[in-house]
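I have placed the structure first, in the form of structure tokens, so that the comments after it can refer back to it.
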Amino acid sequence: MNTASHAPGRLVAYGCLALSMSLVGSYVALSKPLVAAFPVLLLAWLRFGIAALAMPHWLRRPAGEPPMTRRTRGLVFLESFLGNFLFSICMLFGVSLTSAVSAGVIMASIPAVVAIGSRVFLRESITPRVGLAIACAALGIGLLALAPAQAGAHAGAASGSSMPWLGNLLVFCAVLCEAAYAVIGKSLTGRLGPKRISSLINLWGFVLSTPFGIWFALRFDFGSVSIGMWSLLLVYALAASIWTVWLWMTGLKSVPASQAGVFTVMLPVSAAVVGVLVLGEGLTAAQVVAFALALLGVVLATWPSRRS
């Protein structure tokens, strides 16, 4: 049986996509205490290493799956470098400098960025409605940039940073990486199974982060980390490298990439909910308006068009 051709039912796929993005938003917010306990590059290396130990059996090529071509290998590397390695670095550094709520607002622009990427790389047309969605997302992010003191007040208190604008910029770079991850991932699901994709891109992430991870590990006092923080790291590694990737790739097998984009609304929503309920962050008026604009952009960008 060809593993790459076995797809779940539509409702199961919807559930996988929604749960994947909810988990991503949750670990984006929960990574704030982790970046306070570990250097960012060491944290990324530990994440990939823990996940690699958990799924070595996923690396084997199933009997019915054809060998990878040079193009497929290149796509796997790009999927890991952009959507795994760079996304983790930009996101972890970003949330250490800004609030989880602000990060959630910025990440609500993912569907609009995917639309732009589709126009540039796939030559898909951008409808007026999608153009308006892009404008809403840009306006929401711009509103955060114009009110850095409010948007970053809680982040500054937690991390000692006076540069929330830099954190917001890094989170937006993570958005660009996540958009590339969504576009490339749809192509890979036609060639490889979700489990093999998850394990391969995690292994590349471990290889890319190893030089930095070893350098920081030799200088880090691991005894200073509490058991609770190690437990949070374990959950973060499993969620970021295994559960979310497998769920997203499984859902993409049955749902077009453009339609799957609607489920990215769960990312900023869950990030904001965790930031407010778990991390004790507050919602300012600027963040509420920016968040509403970003969510409006998501709805406009992903609402299905009428077809005859």
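The values are calculated or read from the model by the stated rules, or taken from the named source; none is laboratory data. What you see is a predicted model; the values in this text were computed from it and never measured. Here the Cβ positions follow ideal geometry from the backbone for every residue, glycine too, while neighbour counts run over all protein chains shown. These accessible areas exclude ligands, DNA and RNA; they are computed on the full protein's heavy atoms, side chains included. Shrake-Rupley method; radii C 1.70, N 1.55, O 1.52, S 1.80 Å.
General remarks:
- Across region 184-289, the relative contact order, built from alpha-carbon pairs under 8 Å that are at least six residues apart, equals 44 percent.
- Short-range pairs are left out: with C-alpha atoms under 8 Å and at least six residues apart, the relative contact order of the chain is 42 percent.
- Alpha-carbon centroid distance for the pair region 78-93 / region 229-294, whole angstrom: 15
- Stretch in the chain that is longest and holds no trypsin sites (Lys or Arg not before Pro) that DSSP places in a loop and that have at most 14 other beta carbons within 10 Å: 124-218
- For the residues GLY74, GLY275, GLY251, a GNM of the chain with alpha-carbon springs under 10 Å puts the largest fluctuation on GLY74.
- Once the 1.4 Å probe is applied to the protein heavy atoms, region 36-114 comes out at 35 Å² accessible per residue.
- Helices of the chain meeting both criteria, an alpha-carbon length of 24 angstrom or more along the long axis and an average Kyte-Doolittle score not below -1.0, with helices taken as full DSSP H segments, are 10-37, 128-146, 164-188, 194-217, 285-302.
- The stretch between ALA138 and ARG119, if pulled fully straight at 0.36 nm per residue, gains 5.1 nm over its current Cα-Cα span.
- Selected from LEU53, ALA237, ASN168, residue furthest toward positive end of dipole (the chain; charges at beta carbon): LEU53
- Taking a point 7 Å out from the Cα of ARG61 in the direction of its Cβ, the residues of region 172-195 whose backbone N falls within less than 14 Å of it are 191-193.
- Rolling a 1.4 Å probe over the protein heavy atoms of the chain, with every protein chain left in place, gives an accessible area that is 71 percent carbon and sulfur.
- Neighbour-limited loop hits for chymotrypsin sites (Phe, Trp or Tyr not before Pro), region 210-240 (at most 16 other Cβ within 10 Å; DSSP other than H, G, I, E, B): PHE220
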